[in-house]
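Notes follow once the structure below has been shown.
The values are calculated or read from the model by the stated rules, or taken from the named source; none is laboratory data. Everything numeric here is computed off the predicted structure, so don't read it as measured data. Neighbour counts are summed over all protein chains in view; Cβ atoms, including those assigned to glycine, are modelled from backbone coordinates with ideal geometry.
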């Protein structure tokens, strides 16, 4: 398993860095958008394994939202209209198509969670990249989260004794959670020295701490979904890592937080 994880990372990370640093903005939008749509599909498959119509509705709404988020820079009001349309379409579908409207309304709630979880949060990478110096901040998110995942994995395996959330993820420990924060702080210090000289030390370390905590909350949120649906992995797209949701769960909350932090403080 570890060898597969390392092989996947070795192949994917250099390509991703090339896209972020040197590729046109539209290429990053396409990559992130494709991953977001795939994530919506993974959620739909978990939530509605025997309901193809609900999966189709989930994919339609999710794809529409991803396109609207990706195009927001050029058409700002498109996102507002899309959000309204998603609520409208979901309720009309439940009203006119679902005879069992009680269960239909429950399924609609599940659909909207899946649509917004990756369909709205993951494309924040596109918005973050569009900010001044955005490529460096995108890399900062990836560095913090990947370092945290690595630190948590090794510290948890070496020192983990106390369960963090046994009902959600029996393998996670308090010691591993501390390892994630410490590794994230170390990665933030390296990032500041190499490619983020502008923020002060206090700010960069505070951001890393908040992002490390948010990343763990995102990870546990996805574990909650998989536990609820009785699924071990959300998909198979990344060998050794699982699906899009498995690979991005610790990224979604941090990238969303960092985007709004930078948007409203700079």
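So that you can scan it fast, the table gives a plain yes or no per residue for (1) more than 27 Å from residue 261 (Cα to Cα); (2) touching a strand residue (DSSP E or B) at 6+ places or on another chain (Cβ under 8 Å):
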position: 137; (1), (2): no, no
position: 164; (1), (2): yes, yes
position: 168; (1), (2): yes, no
position: 200; (1), (2): no, no
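So which of 109, 114 is over 22 Å from residue 23 (Cα atoms), part of a helix (DSSP H, G or I), at pLDDT below 95 and within 14 Å of the chain's Cα centre (by Cα)? Working first, answer last.
Details: 109 fails: within 14 Å of the chain's Cα centre (by Cα).
Criteria check complete, one pass: 114.
For the range 102-119, the candidate set comprises residues that are out of contact with any helix residue (DSSP H, G or I) (no Cβ under 6 Å at 6 or more places or on another chain) and farther than 15 Å from residue 60 by Cβ; within that set, the residue that is surrounded by the fewest Cβ atoms within 10 Å (Cβ to Cβ) is 102.
Taken together, the residues in the range 202-238 that are without any contact (Cβ under 8 Å) to a residue 12 or more places away in the chain and either touching a strand residue (DSSP E or B) at 6+ places or on another chain (Cβ under 9 Å) or within 27 Å of residue 12 (Cβ to Cβ) (or both) amount to 2.
Taken together, the residues in the range 186-217 that are modelled with pLDDT under 95 and closer than 22 Å to residue 116 by Cα amount to 0. In the set (1) over 15 Å from the mean Cα position of the chain (by Cα); (2) at pLDDT 95 or above, residue 77 fails one condition alone, (2). Any residue at all in the range 70-93 that's in contact (Cβ under 8 Å) with a residue 40 or more places away in the chain, assigned to a helix (DSSP H, G or I) and either touching a helix residue (DSSP H, G or I) at 6+ places or on another chain (Cβ under 8 Å) or closer than 24 Å to residue 124 by Cα (or both)? Checked against the condition, which is being in contact (Cβ under 8 Å) with a residue 40 or more places away in the chain, assigned to a helix (DSSP H, G or I) and either touching a helix residue (DSSP H, G or I) at 6+ places or on another chain (Cβ under 8 Å) or closer than 24 Å to residue 124 by Cα (or both), the range 70-93 yields at least one hit.
Among the residues of the range 165-177, those that are surrounded by 15 or more Cβ atoms within 10 Å (Cβ to Cβ) and under 21 Å from the mean Cα position of the chain (by Cα) comprise 165, 168, 169, 172, 176, 177. Considering only residues that are at pLDDT 90 or above and either within 13 Å of residue 44 (Cα to Cα) or part of a strand (DSSP E or B) (or both), which ones fall in the range 228-243? Within the range 228-243, 229 is the sole residue that qualifies.
Among the residues of the range 163-181, is there at least one that is in a helix (DSSP H, G or I) and under 29 Å from residue 34 (Cβ atoms)? Write out each step before concluding.
Step one: filter the range 163-181 for residues in a helix (DSSP H, G or I), giving 174-181.
Checking the rest, the ones that are also under 29 Å from residue 34 (Cβ atoms) come to 180.
Within the range 163-181, one or more residues are in a helix (DSSP H, G or I) and under 29 Å from residue 34 (Cβ atoms).
Note on the range 150-164: among residues that are under 20 Å from the mean Cα position of the chain (by Cα) and surrounded by 20 or more Cβ atoms within 10 Å (Cβ to Cβ), the one that is nearest to residue 219 (Cα to Cα) is 152.
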